[in-house]
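To start, the structure itself, in structure tokens.
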Amino acid sequence: MTTPTTHHPATAASYDDLVARVLGGDFGPDPRTQRVAVAFSTRQAVRHEGRSGGYRNEVLSLRLAAAVGSCAVEPGELPDAAIEDCVGADLARLMAHELRPVRVAALDTYLMHVLPHTPANGARSWSLPAGSSLRKSRARARAVAGLVDAAPGARVLVVGVVNSLLEALRERGLTYVPCDLKGGTTEWGEPVRTDALAELAHCDAVLASGMTLGNGSFEPLRAHALRHGKPLVMFAQTGSAVLPRFLGAGVSAVCAEPYPFFWLDGGPGIVHRYGAEGAAR
């Protein structure tokens, strides 16, 4: 049986190409006519039970009708005025905003509106159990790691360190190179590299956070993966509706997690997987 595919335009050639086509009306209504009703930020700090370290998250989200698009930011770096700028603004204007996270969130909101995470658009749902934040983090990590098309012993560059993901890769017999702009060490004392692009040539596959859209490092990763035929799997709270548009153009699979994220609720949840049909569950 043929896997359902979207009837919308084909895979985007680059991030700029995707923006241009959205602005040109290729995906649906003119974004100049689509206005943001609600803009908000979500902040969290977490230290899972049994873990020695913690972390903080901050995410900008925009709402259009039933759709919510998001982009993570470095904690404390989003001006309050940016949220005010977004309310009532049309998405085309926000896609040209001076702040990259606003531009990404606006694009994500538009694509969530016109291409929601449904089977008709290529999404396959994956259930997350109710429970603690750590239990849900590990369940999401298994959903993500199962998309990495690499044999045991392969070396995976992980861009955006999440300890549960590193655990899940080890369970699959994969080795990894942790990389994050913050540097530091992993839960197990492994040094975290800070220059992902410098590590690309030495890895067999790449597993990267959607935050790379917000900091501008996504396109070099995508271009490298496309040029070298290397698996690139994206796990995405940032740009969950954006990244599936690059399947076949460097991105091999996406685990999309739109708002509300797993860490906001103790009940059951869901993520949406794209690509890598044969990946292990």
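The values are calculated or read from the model by the stated rules, or taken from the named source; none is laboratory data. Quantities reported herein were computed from a predicted structural model and do not represent experimental measurements. Every residue, glycine as well, gets a Cβ built from its backbone with ideal geometry; the counts of neighbours run over all protein chains shown.
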Self-check item: Test: LEU247 is out of contact with any Pro (no Cβ under 9 Å at 6 or more places or on another chain) and surrounded by 18 or more Cβ atoms within 10 Å (Cβ to Cβ)
Solution: yes
Self-check item: Members of the range 230-281 that are under 18 Å from TYR110 (Cβ atoms), assigned to a loop (DSSP other than H, G, I, E, B) and hydrophobic (A, V, I, L, M, F, W, C)
Solution: ALA241, VAL242
Self-check item: Failed condition for TYR55, given (1) farther than 24 Å from ALA20 by Cβ; (2) modelled with pLDDT of 95 or more
Solution: (2)
Self-check item: Every residue from the range 93-130 that is over 13 Å from TYR274 (Cβ atoms), in contact (Cβ under 8 Å) with a residue 12 or more places away in the chain and small (Gly, Ala, Ser)
Solution: ALA105, ALA106, SER127, ALA130
Practice problem: Filter the range 163-183 down to the residues that are among the aliphatic types (A, V, I, L, M) and crowded, with 20+ Cβ neighbours inside 10 Å, then identify the one that is nearest to ALA256 (Cα to Cα). | Solution: LEU165
Quiz item: Only one residue in GLY160, GLY153, GLY146 is closer than 19 Å to VAL233 by Cα, surrounded by fewer than 18 Cβ atoms within 10 Å (Cβ to Cβ) and small (Gly, Ala, Ser), so which one is that?
Solution: GLY153
Quiz item: Only one of these conditions is not met by TYR176: (1) more than 22 Å from ASP265 (Cα to Cα); (2) outside any loop (DSSP other than H, G, I, E, B); (3) touching a residue at least 60 places away in the same chain (Cβ under 8 Å). Which number is it?
Solution: (3)
